[in-house]
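S.K.: Just dropping this structure here.
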Amino acid sequence: SVVLTKKQPGEDLGATPTATAAERFEIAGFEVGGYLAFVISDMPAERNLELARGLWAPLSDFLG
């Protein structure tokens, strides 16, 4: 799943995707065009992070 939410004042994930885990899910998050983006899956952590890195440029182009 990919989730985009409008960034609120004081929220900061940074432009480079970072990863964490929650129960059986891997979560990679990053900032793009005034939004916070999250890639959530049950894939291995490195694969999920790779997917997030691959989405960063197209999302950045689309969202400005």
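S.K.: Just the number please: accessible area per residue for segment 1-62, 1.4 Å probe, all protein chains included, in Å².
M.R.: 64
S.K.: Report the paramagnetic label zone for Glu11: residues of segment 25-64 whose backbone N is under 13 Å from a point 7 Å from Cα along the Cα-to-Cβ axis.
M.R.: 29-39
S.K.: Nearest 10 degrees is fine. How inclined is helix 45-63 to the longest principal axis of the chain, computing both from alpha carbons?
M.R.: Its long axis makes an angle of about 20 degrees.
S.K.: Please report the net charge: other residues with Cβ closer than 13 Å to the Cβ of Ser1, K and R +1, D and E -1.
M.R.: Taking every Cβ under 13 Å from that of Ser1, the sum is -2.
S.K.: Can you work out the base-10 log of I(q)/I(0) for the chain at q = 0.15, 0.22, 0.28 1/Å, using the Debye formula on its C-alpha atoms alone?
M.R.: -0.40, -0.83, -1.21
S.K.: Just want to confirm a number: the relative contact order over the chain, from Cα pairs under 8 angstrom separated by 6+ residues, in percent.
M.R.: The normalised contact order for the chain reaches 32 percent.
S.K.: Continuing with this model, one more query. At a 1.4 Å probe, what is the % contribution of carbon and sulfur to the accessible area of the chain?
M.R.: The C+S portion of the solvent-accessible surface of the chain is 57 percent.
S.K.: What number, rounded to the nearest 500 deg cm²/dmol, is the helix-based mean residue ellipticity at 222 nm of the chain, given -39500 (n - 2.57) per DSSP H run of at least four residues and division by all its residues? Write down the numbers at each step before the final one.
M.R.: On the way: 1 runs with 19 residues, N = 64.
Value at 222 nm, helices only: -10000 deg cm²/dmol.
S.K.: Let me ask you something else. What order do you get for 25-31, 1-7 when each peptide is scored by the mean count of other beta carbon atoms within 10 Å, highest first?
M.R.: In descending order of packing, they fall as 25-31, 1-7.
The values are calculated or read from the model by the stated rules, or taken from the named source; none is laboratory data. Computed from a predicted structure; not experimentally measured. Cβ coordinates were reconstructed from backbone atoms using ideal geometry, including for glycine residues, and neighbour counts include every protein chain displayed. Heads up: the accessible areas ignore ligands, DNA and RNA and are worked out on the full protein's heavy atoms, side chains in. Shrake-Rupley method; radii C 1.70, N 1.55, O 1.52, S 1.80 Å.
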